[in-house]
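Engineer: Before we start, here is the structure in question, set down as structure tokens.
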Amino acid sequence: MRKFGKDVEKTRTIPFVFSDETKDSYGTVFTANDWVLDRFDKNGIVLFNHNAYSSDPNMAIGSARAWIEGNKLLGEITFEKKEINPLAETVFRKFLAGTYKGVSVRYFPLENGKWGEGTEALEGENPTYYIGKRELIEISVVPVPSNKNALVRSLGSETTIELAEGEGFYIDGLVRCIDIEDTGENERGVNEQDETFIRSIIEGYEAICRY
């Protein structure tokens, strides 16, 4: 059964694939090695709907960390507790229920990218643009993680675009499902009420991981 750890209620932490090297609907690829994480490592903020400059402090719903693993930018989000942030609690519960599945990642371009070669060239049969080096700024939970929320990309001249304060480019990511073997915890003393609660959480995970 594909699910997250049973201690998610305690840790309030959910894993994600923030980005990988799959060609997106714009015909662009984000190579994993071109992510710059130094700034994010110092301030791994998680927002709701990219509301970085909202006067409502609850728009900052948690913290995150990110790392490169193979051809993916992986990460995990830790949501603030209910008593600190009711919005964070609502969003966290929506992930557990399977209603929310994705996030949107904001980044600043540091270097221009380039078109692929051969069939991936601009005039080729499969034109593919490889985004250049970029700095991860923040991660947001969004109800509909879609490229419609993104700023228009000017391919080939990313570093010459004048971005206003708080602006950036966006890509989307999804919840990362983890294979965890059944530990047989119930046989070691989990009561029926706890078992029912755990199963209700797992059903939400399955709803996320099924697609």
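The values are calculated or read from the model by the stated rules, or taken from the named source; none is laboratory data. Here the structure is a predicted model, which is why all the values come from computation and not from measurement. With ideal geometry, Cβ positions are generated from the backbone for all residues, glycine too; neighbour counts draw on all protein chains shown. Note: areas computed on protein heavy atoms with side chains; ligands, DNA, RNA excluded. Shrake-Rupley method; radii C 1.70, N 1.55, O 1.52, S 1.80 Å.
Condition check ((1) at pLDDT below 85; (2) not polar (S, T, N, Q)) across all residues:
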site	(1), (2)
T78	no, no
N112	no, no
V142	no, yes
R153	yes, yes
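Engineer: Might you let me know whether the stretch 76-83 holds any residue that is surrounded by 15 or more Cβ atoms within 10 Å (Cβ to Cβ) and outside any strand (DSSP E or B)? Before you say what the answer is, go through the steps one by one.
Structural biologist: Within the stretch 76-83, the first condition is being surrounded by 15 or more Cβ atoms within 10 Å (Cβ to Cβ), and the residues that meet it are 76-80.
Subset that is outside any strand (DSSP E or B): 80.
Taking every residue of the stretch 76-83 in turn, at least one turns out to be surrounded by 15 or more Cβ atoms within 10 Å (Cβ to Cβ) and outside any strand (DSSP E or B).
Engineer: On to the next question. Scan the stretch 121-132 and give yes if some residue there is in a strand (DSSP E or B), among the hydrophobic types (A, V, I, L, M, F, W, C), more than 18 Å from N51 (Cβ to Cβ) and open to solvent by less than 60 Å² (accessible area, probe 1.4 Å), otherwise no.
Structural biologist: Within the stretch 121-132, one or more residues are in a strand (DSSP E or B), among the hydrophobic types (A, V, I, L, M, F, W, C), more than 18 Å from N51 (Cβ to Cβ) and open to solvent by less than 60 Å² (accessible area, probe 1.4 Å).
Engineer: Only one of F40, F92, F16 is in a helix (DSSP H, G or I), open to solvent by less than 40 Å² (accessible area, probe 1.4 Å), in contact with a Lys or Arg (Cβ under 7 Å, 6 or more places away or on another chain) and at negative phi. Can you tell me which?
Structural biologist: Exactly one of F40, F92, F16 is in a helix (DSSP H, G or I), open to solvent by less than 40 Å² (accessible area, probe 1.4 Å), in contact with a Lys or Arg (Cβ under 7 Å, 6 or more places away or on another chain) and at negative phi, namely F92.
Engineer: Might you let me know whether the stretch 63-73 holds any residue that is in contact with an Asp or Glu (Cβ under 8 Å, 6 or more places away or on another chain) and at pLDDT below 90?
Structural biologist: No, the stretch 63-73 contains no residue that is in contact with an Asp or Glu (Cβ under 8 Å, 6 or more places away or on another chain) and at pLDDT below 90.
Engineer: Within the stretch 111-120, how many residues are open to solvent by 50 Å² or more (accessible area, probe 1.4 Å) and either part of a loop (DSSP other than H, G, I, E, B) or touching a Leu at 6+ places or on another chain (Cβ under 8 Å) (or both)?
Structural biologist: Adding up the residues that qualify gives 4.
Engineer: Quick check on V29: is it of a type in the set (V, I, T), buried (at least 17 other Cβ atoms within 10 Å of the Cβ) and over 18 Å from G113 (Cβ atoms)? Steps first, answer last, please.
Structural biologist: Details: of a type in the set (V, I, T): yes; buried (at least 17 other Cβ atoms within 10 Å of the Cβ): yes; over 18 Å from G113 (Cβ atoms): no.
Against the criterion (of a type in the set (V, I, T), buried (at least 17 other Cβ atoms within 10 Å of the Cβ) and over 18 Å from G113 (Cβ atoms)), V29 does not qualify.
Engineer: Considering every residue within the stretch 109-127, establish whether at least one is among the β-branched types (V, I, T), out of contact with any helix residue (DSSP H, G or I) (no Cβ under 6 Å at 6 or more places or on another chain) and in contact (Cβ under 8 Å) with a residue 24 or more places away in the chain.
Structural biologist: First pass over the stretch 109-127, keeping only residues among the β-branched types (V, I, T): 119.
Narrowing the set further to residues that are out of contact with any helix residue (DSSP H, G or I) (no Cβ under 6 Å at 6 or more places or on another chain) leaves 119.
Next cut, in contact (Cβ under 8 Å) with a residue 24 or more places away in the chain only: none.
No - not one qualifying residue is present in the stretch 109-127.
Engineer: Tally up the residues in the stretch 19-37 that are part of a loop (DSSP other than H, G, I, E, B) and among the hydroxyl-bearing types (S, T, Y), please.
Structural biologist: Going through the stretch 19-37, the residues part of a loop (DSSP other than H, G, I, E, B) turn out to be 21-27, 31, 37.
From what is left, the residues that are among the hydroxyl-bearing types (S, T, Y) are 22, 25-26, 31.
Matching residues across the stretch 19-37 total 4.
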